[in-house]
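The values are calculated or read from the model by the stated rules, or taken from the named source; none is laboratory data. Not measured: the values here are computed from a predicted model. We place every Cβ from the backbone using ideal geometry, glycine too, and count neighbours over all the protein chains shown.
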Amino acid sequence: MIAKKSYSIPFIIWIIAGTLVPLASIAYYGFTSRDGGFTFANVLAMFRSDHLQALGLSLLLAVISTVICLIIAFPMAMVLRESKYGKQGFLIFVIILPMWMNFLLRTMAWQVLLERQGVINALISAVGLPRQEMMNTPGAIVLGMVYDFLPFMILPIYNTVSKIDEHLIEAAYDLGAGKAKVYSKIIFPLSVPGIVSGITMVFIPALTTFVISNMLGGGKINLIGNIIEQEFTINSNWYLGSGLSLVMMVFIIASMLILQRFDKTGGANLI
Amino acid sequence: MAELIRLEGIVKSFDDNVVLNGIDLSVDENEFVTLLGPSGCGKTTTLRIIGGFETPDKGRVYFNGQDITDMPANKRPINTVFQNYALFPHMNVGENIAFSLRVKGEDEAIIKKKVADALKLVNLKGFEKRRVDQLSGGQQQRIAMARAIVNEPKVLLLDEPLGALDLKLRQEMEYELVRLKKELGITFIYITHDQEEALTMSDKVVVMNEGYIQQEGTPQEIYDEPVNAFVADFIGDSNILSGVMTAEKVVRIDGVDYPCIDGTEEGFPPKRKVDVVIRPEDIDIVPYGKGLWNGTITSKLFIGVHYEMLVQSENGEIEWLLQNYDQHDVGEKIGMYVDPENIQIMHKPKSEAEAAIEIDL
Amino acid sequence: MKKRAGKIYVLIVMLFLYLPILTLIVLSFNEVKSMSVWGGFSLKWYDELFHSRLMMGAIVNTFSIAILAALIATVVGTLAVLGMAAMKPRTQSALLGFNNIPMLNADIVTGIALMLFFLMVGVPRGYMTILFSHATFCIPYVILSVRPRVNRNTDRLYEAALDLGASERYAFRRIVLPELWPGITSGFLLSFTMSVDDFIITYFTRGAGINTISTLIYSEVKIGIRPSLFALSTIVFVVALAVLLVINVRKDKEDRADNALQAL
């Protein structure tokens, strides 16, 4: 044996100090009132109408973005699987490259495009149409989410789809299945693990973002991420911020549990 | 021949799983000893204890009379050819073989010569610069041998070294191993689950099952005189029949009283229930009614050199396995005769470990 | 026909992915400060970028934190993997479960949790707290990339080295480390890029007065987009392109070498 258990000690200390205790401190603040007593108020504050509205909008926009990503990504993954450029990695390369660019800059690019004085409006007015108000709308936020997170949907799906044995598909055709049946009975079920990890990698950051909504929503549209961020950075109410974070974590965990039911491999192929 | 390695009362368990149940074993200098048994029988653990990769819970290991139980692997004059070879993937063939010499800090000129010699010995002259993953399975196997013997160990441990090779290559390598052993003049301790390998190469075969040594002896002894149903079943094909001693040196098998040669001296008094081993190739086919037993052939398979037949006996429920060079048809009624010296009488199994392996079909 | 449809589809997705970036690149050379009017070619925004003390400081912070965090994560993570190999499967999977938390959790929660932790223990937020936080979220990636390399085979190679007389240290340095090396380097690179890319966790764990590239972009965008950010985008894009190309070419060469070997 190369290994000695004691090698893991720094890691275990790091988990405790970097992960477990910090999470515990969210729980502590979340259930503590400003005067130091125990309270449910911070958690129940999620039911305040402005918070509920933000949470509802976050869920709605996250679901819409995730679905759009999935609709774009699945055919893309199939094309990549069949393309000779896909296997040689050129197309994969092209999809990975934007991920390497800072996502704030990528989001900023859409600001430049959608702005009232921006590129798209300049094109629109050049053909004589009135300028459109595209910024600061839920649509702009969805667009930003799809743009930022699309590669995170394509790659895991491509990873599983590319590993499907061609013989399985041939066998299905051989056994009399039509194209639709091959997709619905063979390819789709086999790509579920990739789809599940793709959804996880898009849905959770979309649900919790405050950056995209801040940059493309112009501070006028509040998602739950914005509310929590403001409690910490502007209102300095850590208690309320922690309470709301706890509720948001419940949603994250719930969505993961739901997703895991579809994928027996669990989180194993998230990366 | 002088004794080189002695294991005394070795007990080893992992977690709550007892793997070795008190192994006593003696290996002589220059002997080719094979530990034979199914997977999980404890042979690999025994080998790892000799190699110094495991420490026994109880018992001692002696080398040349000296207690080496607690000596680490890198200090023992024993080298191992690992299952799947464990060649270092980031080193070329020459570097792999030179490894132990470099560790010792040998002179580069000597290393070069010794590596070349070792390669020559395994018939791979000039392979020094090859990458390990460029080699075929058989070549990798030879390199693993060369690496293990270049430092001139007193004992070579071989952990199923031929397991990954195909049949033809395996048979070739069996001859190679015997030749190498002769040229090197060192002790080989070999483990395998393949009875044919064990019988072909070894001076001594040690049959193991469930952490116990079942039988120890020359290949001939193991084959001809298995001590229990497990050994009989594991070594070659056999009919293992229930019998009962009806008198001194008389055993009733399948309704027939039959005189046998061995028996009394090993304590088989009358009325004792016993197991009887009859090898399928020892059963002669005689005309119907002329045999000791009579029956009908129920199935027949041609296996290369001979035919294998199942015969339903008329006396009872017993189905006999026969091997014969002559062709007989299914449905044919035949008589069967066995020479008394080809009947081996054994004690009934006292434990699970001594019983024949049940295979569900 | 079908092939054609596939190609058009890929083209549309590519346009969607790259047109925004291309817009930024074009605008970074624009003489005038406009998002839609072309005023002639100029490098002045690059000049402004390179003369910005704030930006230069942020770049130094970003890369020094990324290198240090990746180093710490690589050492802690690799040791952790080696240690875990000696543990019972149950303990291992429990540890791996904890290890997954920062990866699966939303960044905002991880960031807030770390911030509250620093506030509770009374550590002033600054360079060191960012570094600690980055190492925290990098360790899981190192463990994920190194762990597959530690298996029965590594154990066997290590034993083979001992069997051939090597000391434990020698066997570790000459046999085990080279075996783990690909996992270690990819863990390091992954950590490095995750750290450079991070905004949310840095945002919550930094103190006033310290910026990384990400946090600086965020605060500048809030005030109003300056074309020097377009120049930054262009540089980041070109660097990413160059690095990825180098990685790809190297991988390609290895693949081709492997293919050639297999053909032998």
Taking the stretch C:59-75 and keeping only residues that are in contact (Cβ under 8 Å) with a residue 12 or more places away in the chain and surrounded by fewer than 22 Cβ atoms within 10 Å (Cβ to Cβ), one is left with C:ILE59, C:ASN61, C:PHE63, C:ILE67, C:LEU68, C:LEU71, C:ILE72
Please verify whether A:VAL112 is touching a helix residue (DSSP H, G or I) at 6+ places or on another chain (Cβ under 8 Å) and either buried (at least 21 other Cβ atoms within 10 Å of the Cβ) or in contact (Cβ under 8 Å) with a residue 60 or more places away in the chain (or both), treating the condition exactly as stated. yes
Filtered residues of the stretch C:68-111 (kept if touching a Phe, Trp or Tyr at 6+ places or on another chain (Cβ under 6 Å) and within 26 Å of C:GLY207 (Cα to Cα)): C:ALA70, C:THR74, C:VAL76, C:PRO102, C:GLY111
Test for A:ALA180: is it of a type in the set (A, V, I, L, M), free of Cβ contacts under 8 Å to residues at least 12 places away in the same chain and outside any loop (DSSP other than H, G, I, E, B): yes
Selection from the stretch A:114-137 of residues that are closer than 17 Å to A:SER213 by Cβ and part of a helix (DSSP H, G or I): A:LEU114
In the list C:ILE175, C:ILE217, which residue meets the criterion of being within 11 Å of chain A (Cβ to nearest Cβ) and under 30 Å from C:ALA85 (Cβ atoms)? C:ILE175
Give the residue, chosen from A:ILE258, A:ILE228, that is in a helix (DSSP H, G or I) and modelled with pLDDT of 90 or more. A:ILE228
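Residue by residue, here is whether (1) outside the structural domain of B:LEU157 (by TED's automatic domain parsing); (2) at pLDDT below 90; (3) surrounded by fewer than 22 Cβ atoms within 10 Å (Cβ to Cβ); (4) in contact with a strand residue (DSSP E or B) (Cβ under 9 Å, 6 or more places away or on another chain) holds:
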site	(1), (2), (3), (4)
B:ASP15	no, yes, yes, no
B:GLY42	no, no, no, yes
B:ARG48	no, no, yes, yes
B:ASP67	no, no, yes, yes
B:VAL93	no, no, no, yes
B:ASN96	no, no, no, no
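Among the residues of the stretch B:258-287, count how many are at pLDDT 85 or above and of a type in the set (Asp, Glu).
So in the stretch B:258-287, the residues at pLDDT 85 or above come out as B:273-287.
Checking which are of a type in the set (Asp, Glu) leaves us with B:275, B:281-282, B:284.
Total meeting the criteria: 4.
Can you work out which of the residues in the stretch B:133-148 that are hydrophobic (A, V, I, L, M, F, W, C) and either more than 11 Å from every other protein chain (Cβ to nearest Cβ) or in a loop (DSSP other than H, G, I, E, B) (or both) is farthest from B:ILE110 (Cα to Cα)?
First pass over the stretch B:133-148, keeping only residues hydrophobic (A, V, I, L, M, F, W, C): B:135, B:143-146, B:148.
Filter once more, so that each one left must be either more than 11 Å from every other protein chain (Cβ to nearest Cβ) or in a loop (DSSP other than H, G, I, E, B) (or both): B:135, B:143, B:145-146.
Details: B:LEU135: 25, B:ILE143: 19, B:MET145: 19, B:ALA146: 16 Å.
The qualifying residue farthest from B:ILE110 (Cα to Cα) is B:LEU135.
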What strands (runs of 3 or more DSSP E), lying completely within the stretch B:159-251, carry at least 1 residues that are free of Cβ contacts under 8 Å to residues at least 40 places away in the same chain? B:212-217, B:239-247
Assess whether A:THR200 counts as being within 14 Å of chain C (Cβ to nearest Cβ), farther than 30 Å from C:ASN30 by Cα, among the β-branched types (Val, Ile, Thr) and assigned to a helix (DSSP H, G or I). yes
Per the list (1) free of Cβ contacts under 8 Å to residues at least 12 places away in the same chain; (2) aliphatic (A, V, I, L, M); (3) assigned to a helix (DSSP H, G or I); (4) at the interface with chain C (Cβ under 9 Å from one of its Cβ atoms), residue check on A:MET101 breaks on (3)
Could you grab me the full set of residues in the stretch B:66-84 that are closer than 17 Å to C:ALA166 by Cα, within 11 Å of another protein chain (Cβ to nearest Cβ) and outside any helix (DSSP H, G or I)? B:PRO72, B:ARG76, B:PRO77, B:ILE78, B:ASN79, B:THR80, B:VAL81, B:PHE82
Test each condition in (1) surrounded by 20 or more Cβ atoms within 10 Å (Cβ to Cβ); (2) among the charged types (D, E, K, R); (3) at pLDDT 90 or above for B:ASP203 and report the one that comes out false. (1)
Would you confirm whether any residue within the stretch C:123-136 is facing another protein chain (nearest Cβ under 7 Å), assigned to a helix (DSSP H, G or I), among the hydroxyl-bearing types (Ser, Thr, Tyr) and under 20 Å from the mean Cα position of the chain (by Cα)? yes
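Among the helices (runs of 4 or more DSSP H) contained in the stretch C:1-93, which hold 2 or more residues that are at pLDDT below 90?
Of the helices (runs of 4 or more DSSP H) lying wholly inside the stretch C:1-93, those with at least 2 residues that are at pLDDT below 90 span C:2-28.
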Go through the stretch C:76-110 and count every residue that is in contact (Cβ under 8 Å) with a residue 40 or more places away in the chain and more than 9 Å from chain A (Cβ to nearest Cβ). 1
How many residues are modelled with pLDDT under 85 and either within 20 Å of A:ASN102 (Cα to Cα) or among the basic types (Lys, Arg) (or both) if we restrict to the stretch A:122-169? 1
Residue ID - farthest from B:PHE88 (Cα to Cα), chosen from residues in the stretch B:111-132 that are within 14 Å of another protein chain (Cβ to nearest Cβ) and within 31 Å of the chain's Cα centre (by Cα): B:ALA118
State all residues of the stretch B:74-91 that are crowded, with 20+ Cβ neighbours inside 10 Å and of a type in the set (Lys, Arg); if no residue qualifies, say none. B:ARG76
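Checking the conditions here, which among C:ASP252, C:ASP198 is more than 7 Å from every other protein chain (Cβ to nearest Cβ), closer than 18 Å to C:LEU68 by Cα and of a type in the set (D, E, K, R)?
C:ASP198
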If I ask for residues that are facing chain A (nearest Cβ under 8 Å) and either in contact (Cβ under 8 Å) with a residue 12 or more places away in the chain or under 15 Å from A:VAL94 (Cβ atoms) (or both), which ones from the stretch C:20-45 would you list? C:PRO20, C:ILE21, C:LEU24, C:LEU27, C:MET35
Of A:VAL43, A:VAL63, the only residue that is crowded, with 18+ Cβ neighbours inside 10 Å, away from chain C (no Cβ under 14 Å) and on the phi < 0 side of the Ramachandran plot is A:VAL43
Do we have B:LEU162 as closer than 27 Å to B:PHE63 by Cβ, away from chain C (no Cβ under 13 Å) and at pLDDT below 90 here? yes
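So which of A:GLY30, A:GLY36 ends up being within 14 Å of another protein chain (Cβ to nearest Cβ) and at positive phi?
Sole residue among the options that is within 14 Å of another protein chain (Cβ to nearest Cβ) and at positive phi: A:GLY36.
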Just checking, which of A:MET256, A:MET249 is among the hydrophobic types (A, V, I, L, M, F, W, C), at the interface with chain C (Cβ under 9 Å from one of its Cβ atoms) and under 30 Å from A:ASP35 (Cα atoms)? A:MET249
Any residue at all in the stretch A:117-136 that is buried (at least 22 other Cβ atoms within 10 Å of the Cβ), facing chain C (nearest Cβ under 9 Å) and out of contact with any helix residue (DSSP H, G or I) (no Cβ under 7 Å at 6 or more places or on another chain)? yes
